[in-house]
Amino acid sequence: MKLTIDSLSKTYANGVHALKNVSLTLSNGMFGLLGPNGAGKSSLMRTIATLQEADSGSVFLDDLNVLKNKTEVRQLLGYLPQEFGVYPKISAERMLDHIAQLKGVGNTSERNDLVSGLLEKVNLFKDRKKHLGTYSGGMKQRFGIAQALIGDPKLIIVDEPTAGLDPAERNRFYNLLSQLGENTIVILSTHIVEDVSTLCSNFAIICQGEVLYAGDPETAVNELNGKIYTKAIDRSEIKYYRDVYNVISTQLKTGKLHIRILQETEPQDGFIIAVPNLEDVYFGNIATRVDVNTM
């Protein structure tokens, strides 16, 4: 399968220009959509998921017009939004059975096999009788993936899936998403750089509704070899360094401000060269759009 997004734009009634001529091409595997909060990631996800209209542009899943053939697209789509509600007094097993019926799985035996298989896949089978209201955040996220997988979707969209998860739950979620991405287009929308570096073979950086970069993580990092430098400074010196250098990120450690700069030639002032990482790619692209104090 191939998902082709061409010149997609969306402006809300309040004047917010959420998407500005977004163009991307995705194929089977994990695709990371990386950007700060409010960058337009959720707007793009909702548009692809047929939950809102675009002002202009097109989206095709192979030859299927996503923006015009919403019913057909929904039959091929699995969607886990950033926030979703659950009925707290219904078990996971009963809820998945109900969703399967809504998706057209009418045969009881087939439905039972489907629900049991999904619960096994997301490691919730032993908790299948528990009410959803008793689930932890990670368990709810895994339940969300289970419901998104009903109907054998060809396109899966997950919006900020690891926000709020503890490290163990996050690792389990990584493993699950990686398995899904082997034969399906999986779009992972996140503001967590580690999610993309861990999971995704391709990614894009979006900020203020625009795609700033698209490619694969390894190439993106390699492009910064010999261009990232670091130094520990006093906090009072930051204005000088911002005026002189392209400061892409700052981090306060043990009373010192550690800054990273992006520069083609070796700087003065005692900087040392640093090994680049995907955070440098991310911050280097959005540094002109977002104050480094917020990063």
- prompt: Given Cα pairs under 8 Å that are at least 6 residues apart, what percent is the relative contact order of region 138-295?
  reply: 20 percent
field: Ordering of 34-44, 96-106 by packing [mean C-beta count within 10 Å, highest first]
entry: 34-44, 96-106
- prompt: Using a ≥ b ≥ c from the Cα gyration tensor of the chain (square roots of the eigenvalues), is it rounded, prolate or oblate, where a/c under 1.5 gives rounded and otherwise the larger of a/b and b/c decides, a/b for prolate?
  reply: prolate
- request: For region 130-287, report the accessible area per residue in Å² (1.4 Å probe, heavy atoms, rounded to an integer).
  value: 45 Å²
statement: For the table LYS68/LYS130; LYS41/LYS227; LYS2/LYS89; LYS20/LYS239; LYS10/LYS130, the rows whose alpha-carbon distance is greater than 30 Å are LYS68/LYS130; LYS2/LYS89; LYS20/LYS239; LYS10/LYS130
message: Order 65-76, 140-151 from most to least packed using the mean count of other Cβ atoms within 10 Å.
response: 140-151, 65-76
field: Descending Cα extents along the principal axes, region 31-146, whole Å
entry: 46, 35, 23
- line: With R₀ set to 41 angstrom, the calculated FRET efficiency between the beta-carbons of ASN225 and ASN171, to the nearest 0.05, is 0.90
message: Taking 0.36 nm per residue of sequence separation and subtracting the Cα-Cα distance, how much length would be gained by fully extending the chain between GLN179 and SER58, in nm to one decimal?
response: 40.7 nm
query: Rounded to the nearest 0.05, what FRET efficiency do LEU51 and LYS2 have when you use their Cβ-Cβ distance and R0 = 25 Å?
result: 0.70
message: To make sure I understand the rule: partners must be aspartates and glutamates, Cα under 18 Å from the Cα of LYS256, and not fewer than 8 residues away in the same chain. Which ones qualify?
response: ASP234, GLU237, ASP269
task: Using amide H atoms built 1.01 Å from N in the peptide plane, name the residues 5+ places from TYR79, or on other chains, whose amide H lies under 5 Å from its own.
output: ILE157
message: Take GLN82 and ASP152, extend 7 Å from each Cα along the Cα→Cβ direction, and tell me the distance between the two endpoints in nm.
response: 3.4 nm
field: Accessible area in the full protein assembly, largest first, 1.4 Å probe, for HIS17, HIS258
entry: HIS17, HIS258
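The values are calculated or read from the model by the stated rules, or taken from the named source; none is laboratory data. Source: prediction; values computed, not measured. Note that each Cβ is placed from the backbone with ideal geometry, even for glycine, and that neighbours are counted across all protein chains shown. Please note that ligands, DNA and RNA were not included when accessible areas were found on the heavy atoms of the full protein model with its side chains. Shrake-Rupley method; radii C 1.70, N 1.55, O 1.52, S 1.80 Å.
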